[in-house]
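Peer 1: Have a look at this one.
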Amino acid sequence: MQKQIFLYLFIITIILFSCNSKEQKDNFKHVVYRAINNKDTATLSININEKRFFGHYEISRHRFGKDSGTVRGDLKRDTLRGDFHYIGYGGSWKRIPLALLKKENKLFSGTGVIGTYLNLPCFMPGTPIDYSNPEFVFEELKAPEK
C-alpha cells in the first residue's frame, strides 16, 4: 500500500513540474513602446522572446480616463497576437483580443472581427486582421545612455 501511495505522489510531482516548466524568464528581452494618436497615448511594456510575449499595457484616453492591464500572447513571424486584460475607466475588468504587426521597428495595432471561443473574446478565424488604419503605431523607447 505504501508503495502505491509513493508511486502516486511521485507521478503527481512529475506532472506538476512538467506543467510548470515554461520558458526561462531570462530568455525574454524587455522592450518599452509608446504610441500617440491625437491626444491619446498608449504605453506597452513587454517581455518578448522568439515565441511569446507578456507585460503591461496602458491607454490614456484624453478626457475619458485610462485602460490599464496586462497583455500576453504568442509571436508568429512578424505578428504578436494575444489578449489585453484590463480595468476600464468604469472600473470593471474587460478582456479584448490584441494583434500587433511588427514592421520597420514599429508595432501597428490591428482591428478585426471579434467573436468568442470558450467564453473568451478572440479575432474570428478565417477573417483577416486589418493593419492599414491602426489606432496606434508604437515606437520603441530607447533607454537613455549613461
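The values are calculated or read from the model by the stated rules, or taken from the named source; none is laboratory data. Worth saying up front: this structure is predicted, and the values here are computed from it rather than measured. In this analysis, Cβ positions are derived from the backbone assuming ideal geometry, glycine residues included, and neighbour counts consider all displayed protein chains.
Peer 1: Spot the failing condition for LYS142; the list is (1) over 18 Å from HIS30 (Cβ atoms); (2) not in a strand (DSSP E or B), and only one is missed.
Peer 2: Tallying (1) over 18 Å from HIS30 (Cβ atoms); (2) not in a strand (DSSP E or B), LYS142 fails exactly one: (1).
Peer 1: Here's a check for you: in region 42-72, which residue that is charged (D, E, K, R) and over 19 Å from LYS142 (Cα atoms) is surrounded by the fewest Cβ atoms within 10 Å (Cβ to Cβ)?
Peer 2: Step by step, filter region 42-72, then rank; the result is ARG63.
Peer 1: Next up: Mind listing whichever residues of region 73-84 are assigned to a strand (DSSP E or B) and surrounded by fewer than 16 Cβ atoms within 10 Å (Cβ to Cβ)?
Peer 2: Within region 73-84, ASP74, LYS76 qualify.
Peer 1: Follow-up question, since we're still on this one. Can you name every residue in region 114-130 that is more than 17 Å from the chain's Cα centre (by Cα) and either on the phi > 0 side of the Ramachandran plot or surrounded by 12 or more Cβ atoms within 10 Å (Cβ to Cβ) (or both)?
Peer 2: Matches in region 114-130: GLY115, LEU118, ASN119, MET124, GLY126, ASP130.
Peer 1: Taking the condition modelled with pLDDT of 95 or more and of a type outside the set (Asp, Glu), does PRO128 pass?
Peer 2: Judged against the criteria, PRO128 is not a match.
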